[in-house]
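Engineer: What follows is a single structure, and I will ask about it in a moment.
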Amino acid sequence: MCANIVLAEDDPKQAALVRLYLEREGHVVATADNGEDALSMVRQQVPDLLILDVMLPRLSGLDVCRAIRASSDLPILMLTARSTEDDLLRGLDLGADDYVTKPYSPRELMARVRTLLRRTGAAKELARVGSLTVDVSKHEVTVDGRRIETTPGEFRILEVMAARPDQVFTRAQLLEHLHGFDRYITQRAIDVHIMNLRKKIENEPGKPERLLTVYGVGYKLTAKFDAA
């Protein structure tokens with residue numbers, strides 16, 4: 001399953017650990033360390049799932065949940081160090097879909113994420129950008145109906161970019177998403193992956209029309225070529 005997830009957690013170590021596990025599961029993750037930023041991200045990005053810590057600065061997780069539920073049925077999984085029945089019920093009454101109490105194991109959290117995504121139908125296992133298709137469940141890439149062989153790193157780059165067509169990704173952002181897939185990769189190696197991908201998905205690799213360079217920023221995957 002591949003989903004766009006916002007993770008709202010103010011503990012940097014905990015956020016980094018959860019993000020690592022989520023990305024290893026194939027998800028695209030954006031993080032926020034306070035409630036105001038989390039709410040802004042949800043409204044701007046419209047993710048598939050929000051993982052929301054209750055004890056956030058600037059705006060509590062409960063207040064974020066209340067604000068989202070006023071206009072959206074976005075799946076919400078709440079995290080809290082509180083374990084009393086009243087606290088649990090309050091979060092659920094505000095509209096949280098599930099609740100995990102700290103301390104928890106990352107594997108337990110991933111299992112709850114998978115269950116919630118399946119239950120809500122939010123996960124994406126097939127992403128299309130024009131005539132390019134990334135099938136996460138089969139680990140296959142096709143272009144114009146032709147199957148393209150990719151390395152694990154190349155597949156991960158396409159998976160991440162296909163989940164957000166036309167979004168510009170910096171080399172650093174792509175590098176973050178490749179952690180756990182290629183331990184030795186560097187930002188310069190990202191350029192090599194992009195070059196090799198262009199040889200596989202472009203009609204003219206020297207004149208790319210799908211996998212574009214945004215000079216001074218990074219790369220984006222677009223369907224404009226296919227719509228022309």
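Engineer: Tally time: how many residues in the stretch 91-130 are of a type outside the set (A, V, I, L, M) and in contact with a Phe, Trp or Tyr (Cβ under 9 Å, 6 or more places away or on another chain)?
Structural biologist: 5
Engineer: Give the stretch 200-224 a look and list any residue that's among the aliphatic types (A, V, I, L, M), farther than 17 Å from Thr133 by Cβ and out of contact with any Ser or Thr (no Cβ under 7 Å at 6 or more places or on another chain), or say none.
Structural biologist: Matches in the stretch 200-224: Val214 only.
Engineer: Something else now. Considering the stretch 120-132 alone, what residues qualify as being of a type outside the set (A, V, I, L, M, F, W, C) and either touching a helix residue (DSSP H, G or I) at 6+ places or on another chain (Cβ under 6 Å) or in contact (Cβ under 8 Å) with a residue 24 or more places away in the chain (or both)?
Structural biologist: Answer for the stretch 120-132, where residues must be of a type outside the set (A, V, I, L, M, F, W, C) and either touching a helix residue (DSSP H, G or I) at 6+ places or on another chain (Cβ under 6 Å) or in contact (Cβ under 8 Å) with a residue 24 or more places away in the chain (or both): Thr120, Lys124, Glu125, Arg128, Gly130, Ser131.
Engineer: Now for a different question. Could you run through the stretch 1-28 and say how many residues are β-branched (Val, Ile, Thr) and surrounded by fewer than 22 Cβ atoms within 10 Å (Cβ to Cβ)?
Structural biologist: Looking only at the stretch 1-28, we keep the residues that are β-branched (Val, Ile, Thr), and these are 5-6, 18, 28.
The next check asks that each one be surrounded by fewer than 22 Cβ atoms within 10 Å (Cβ to Cβ); those that pass are none.
Residues meeting the conditions: 0.
Engineer: Inspect the stretch 58-72 for any residue being assigned by TED's automatic domain parsing to the domain that holds Arg43 and modelled with pLDDT under 85 and give the result as yes or no.
Structural biologist: At the first step, the residues of the stretch 58-72 found to be assigned by TED's automatic domain parsing to the domain that holds Arg43 are 58-72.
Of the ones still in play, those that are also modelled with pLDDT under 85 are none.
Looking through the stretch 58-72, none of the residues is assigned by TED's automatic domain parsing to the domain that holds Arg43 and modelled with pLDDT under 85.
Engineer: Filter the stretch 17-54 for residues that are part of a helix (DSSP H, G or I) and closer than 14 Å to Met110 by Cα and give the result.
Structural biologist: Passing the criteria: Leu17, Val18, Arg19, Leu20, Tyr21, Leu22, Glu23, Arg24.
Engineer: Looking at the stretch 55-71, which of its residues are of a type in the set (Gly, Ala, Ser) and either within 15 Å of Ala32 (Cα to Cα) or under 23 Å from the mean Cα position of the chain (by Cα) (or both)?
Structural biologist: Matches in the stretch 55-71: Ser60, Gly61, Ala67, Ser71.
Engineer: Would you confirm whether or not the stretch 121-129 contains a residue that is over 16 Å from the mean Cα position of the chain (by Cα), loosely packed, with under 15 Cβ neighbours inside 10 Å and closer than 14 Å to His27 by Cα?
Structural biologist: no
Engineer: In this structure, is Leu89 modelled with pLDDT under 90 and assigned by TED's automatic domain parsing to the domain that holds Asp48?
Structural biologist: Yes; evaluated as a whole, the condition is true for this residue.
Engineer: Another question about this same structure. Would you say Thr115 is at pLDDT 85 or above and within 18 Å of Ala3 (Cα to Cα)?
Structural biologist: Values: at pLDDT 85 or above: yes; within 18 Å of Ala3 (Cα to Cα): yes.
Yes, satisfied.
Engineer: With (1) over 29 Å from Ala16 (Cα atoms); (2) at pLDDT below 90; (3) in contact with a Leu (Cβ under 8 Å, 6 or more places away or on another chain) as the list, and Asp166 as the residue in question, which single condition is left unmet?
Structural biologist: Against the list (1) over 29 Å from Ala16 (Cα atoms); (2) at pLDDT below 90; (3) in contact with a Leu (Cβ under 8 Å, 6 or more places away or on another chain), Asp166 comes up short only on (1).
The values are calculated or read from the model by the stated rules, or taken from the named source; none is laboratory data. Please read these numbers as outputs of a predicted model, since none were measured by experiment. Reconstructed Cβ throughout: ideal geometry from the backbone, glycine too, with neighbour counts over all protein chains shown.
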